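Reading through the structure tokens given below for one structure.
The values are calculated or read from the model by the stated rules, or taken from the named source; none is laboratory data. On a predicted model such as this, the values are computed, not experimentally measured, just so you know. Cβ: placed from backbone, ideal geometry, glycine included. Neighbour counts: every protein chain shown. Side chains included, ligands, DNA and RNA excluded: accessible areas come from the protein's heavy atoms. Shrake-Rupley method; radii C 1.70, N 1.55, O 1.52, S 1.80 Å.
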Amino acid sequence: MFKFVAITAVLVLQLAAAQAVTLRVANQGDAQSMDPHSLNESVQLSFASNIYEPLVARDKQLRLEPGLATRWAQTSPTVWRFELRRGVRFHDGTPFTADDVVFSFERAAGEGSDMKGYTASFKAVRRIDEHTVEIETTAAFAILPDVIASVYMMSKAWCIANKAQTPVDRRKGIENTASFKTNGTGPFRLKERQPSVRTVLVRNPGYWSRVEGNVDEVVFTPIGNDATRVAALLSGEIDVMEPTPLQDIERIKVNPAFKLLQGPELRTIFLGMDQQRDELLNSDVKGRNPFKDRRVRQAFYQAIDIEAIKSRVMRNAATPTALMLAPGVKGFVPELNKRLPYDIDAAKRLLAEAGYPNGFEVGLNCPNDRYVNDAAICQAVAANLARVGVKVSLQTESKASYFPKILRRDTSFYLLGWTPGTYDAHNVLSALMATPNDKGQGQYNLGGYSNPRIDELTQKVQSEIDAAKRGEMIREAFKLHQDDVGHIPLHQQALAWAMKKNIELVQLADNYMPYKWVVVK
């Protein structure tokens with residue numbers, strides 16, 4: 001009898017293993033850390049969202065929905081109260097409580113965090129009872145639930161036990177346990193982490209909610225080379241590829257074994273310039289900073305042939321823009337979306353007026369594995385600027401070294417992409433345009449652009465609840481930034497995910513990929 005039971009148990013286990021569904025995903029770059037507060041970057045936050053969760057989540061249409069909080073309400077202009085979901089446990093079995101919420105927000109606002117911008121307006125986070133917290137802000141904050149949807153909750157006890165009370169600081173190269181191990185509340189748990197090689201997730205059997213998909217295991221592999229990534233899909237080594245190289249879109253489309261999901265993305269690709277230092281780090285101009293002169297910034301803008309970049313580099317899979325936010329973002333101002341004309345003669349004239357008739361030399365930092373054709377975009381920009389006498393010293397590198405460098409502001413001229421985590425114009429104003437401070441405002445304003453009126457408007461936009469007044473404030477701020485040529489917006493790139501025919505998934509405009517919605521048929 002014992003032998004029969006043992007054999008039966010083995011057969012059941014073998015059958016379960018045979019039926020387990022594995023999803024193999026490849027991206028051009030890796031999630032840089034498993035720490036959910038270490039880098040405010042879409043690939044990382046998307047991956048982490050399968051392990052960790054926020055109080056307020058988003059549905060398949062990016063609308064707010066209950067996450068680890070079931071209800072929330074604004075009890076006064078500066079106070080929001082959140083009722084926490086009961087019965088939720090972290091992956092190690094410990095219960096999720098208000099203490100974890102207070103700790104997580106303090107950690108996200110602390111030294112080394114790249115999520116400070118989301119907590120910049122917090123005055124206090126208070127535990128009311130085990131399942132209730134309050135967030136008090138320095139001023140009225142009507143969109144606070146939208147803001148905290150990007151801040152994931154961690155276990156206070158686990159972080160203390162693993163000496164991970166502070167975030168992994170990508171700028172300083174400081175690592176801790178949270179880099180390689182996790183303990184979230186999400187639908188998947190971390191099984192294996194090999195940075196830059198592969199990361200494996202498995203289903204969390206104790207997840208508090210129903211999972212729509214049928215994936216039991218996810219194998220995530222970074223494959224930087226476009227041709228290698230495509231070959232892995234076509235040979236069956238992977239099931240899903242993101243992004244799809246632009247030159248391979250058509251041949252994948254016509255292959256009956258695969259399908260392609262395409263759509264608009266909320267990300268804006270732009271160039272930033274150091275306008276803070278008195279002398280640029282990477283330039284042959286000494287004793288002054290050319291980018292402090294608006295005429296130089298405008299010259300760079302008008303020297304860039306954006307239509308050529310669109311057609312030749314991006315193969316028409318991009319939409320040129322004059323604004324730092326996409327049409328799908330709340331607060332987009334369509335009447336301002338008109339670029340300065342591409343005009344080499346005007347660019348040369350502006351440089352001459354600014355005192356650089358023969359141009360000058362400047363370094364340009366660019367990733368080569370983060371955005372669609374990012375290195376090629378930078379090469380095109382460098383070639384364009386050469387026509388007006390500007391010699392660009394181009395440095396392209398993996399995002400693993402690129403992000404720590406530019407986040408330290410060790411750059412004079414750089415390429416970046418931005419998707420506002422709140423899907424609201426306030427995020428763009430607060431993160432990219434407002435004058436940087438130590439509380440997280442302007443955290444990704446890496447060139448130090450500053451306009452006091454924009455700072456004032458950013459605060460007003462945060463608290464204004466009248467839609468018409470708020471819209472006019474947003475319009476004024478973006479017009480000021482446009483007139484200043486605070487940055488050089490380029491385009492919104494398009495999404496292109498390729499996969500086997502038997503894969504069903506949800507493509508979100510923020511380029512997140514929740515594995516809980518994936519079905520393998």
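Observations on the model:
- Per-residue ³J(HN,Hα) for the range 491-499, Karplus 6.51 cos²θ - 1.76 cosθ + 1.60, θ = phi - 60°, Hz, x for Gly and Pro: 6, 9, 7, 9, 7, 8, 10, 10, 7
- Carbon and sulfur %, accessible surface of the range 133-277 computed with the full protein complex present, 1.4 Å: 50 percent
- Accessible-area composition of the range 364-521, carbon plus sulfur, in percent [1.4 Å probe]: 50 percent
- In straight-distance terms, cross-link reach from Lys348 covers every one of the lysines whose alpha-carbon lies under 25 Å from its own, apart from those fewer than eight places away in the same chain; here that gives Lys286, Lys292, Lys310, Lys338, Lys391, Lys479.
- Taking each residue as 0.36 nm, the span from Phe180 to Arg315 lengthens on full extension beyond its C-alpha to C-alpha distance by 44.8 nm.
- 0 to 90° range, to nearest 10: angle between helix 294-303 axis and the chain longest Cα axis: 70 degrees
- For the range 42-50, Karplus couplings with θ = phi - 60° (6.51, -1.76, 1.60), whole Hz, Gly/Pro x: 4, 4, 5, 5, 4, 5, 5, 5, 7
- With 28 Å as the limit on Cα-Cα distance, the pairs of Lys181/Lys405; Lys172/Lys439; Lys181/Lys521 that go past it are Lys181/Lys521.
- Pair Lys521, Glu65: separation of 7 Å Cα→Cβ label points (nm): 2.2 nm
- Surface analysis of the range 370-521 yields an accessible area of 32 Å² per residue, using protein heavy atoms and a 1.4 Å probe.
- Under 5 Å, built H, 5+ apart or other chain: amide partners of Leu364: Ser393, Leu394, Gln395
- Amide H contacts under 5 Å for Lys330, placed H, 5+ residues apart: Asp424, Ala425
- Projecting label points 7 angstrom from Cα along Cα→Cβ for Gln194 and Thr228 puts them 1.3 nm apart.
- Whole-percent carbon and sulfur share, accessible surface of the range 64-125, 1.4 Å: 46 percent
- Whole-Hz couplings from phi, Karplus 6.51/-1.76/1.60, listed for the range 105-118; x for Gly and Pro: 5, 5, 5, 5, 8, x, 4, x, 6, 9, 10, 4, x, 7
- Remark: the Ser401-Trp208 segment gains 65.8 nm on full extension, using 0.36 nm per residue and subtracting the alpha carbon distance.
- Size of the range 214-312: Rg and Dmax of its alpha carbons, in Å, are 21.1, 61.
- Length added when fully stretched, Ser235-Lys286, from 0.36 nm per residue minus Cα-Cα: 13.0 nm
- With both labels modelled 7 Å from their Cα along Cα-to-Cβ, the Arg277 to Thr435 distance reads 2.1 nm.
- Shown here for the range 111-202: trypsin sites (Lys or Arg not before Pro) in loop regions (DSSP other than H, G, I, E, B) with at most 13 other Cβ atoms within 10 Å, namely Lys163, Lys172.
- Over the range 318-380: Rg over Rh, Cα atoms, Kirkwood Rh: 1.06
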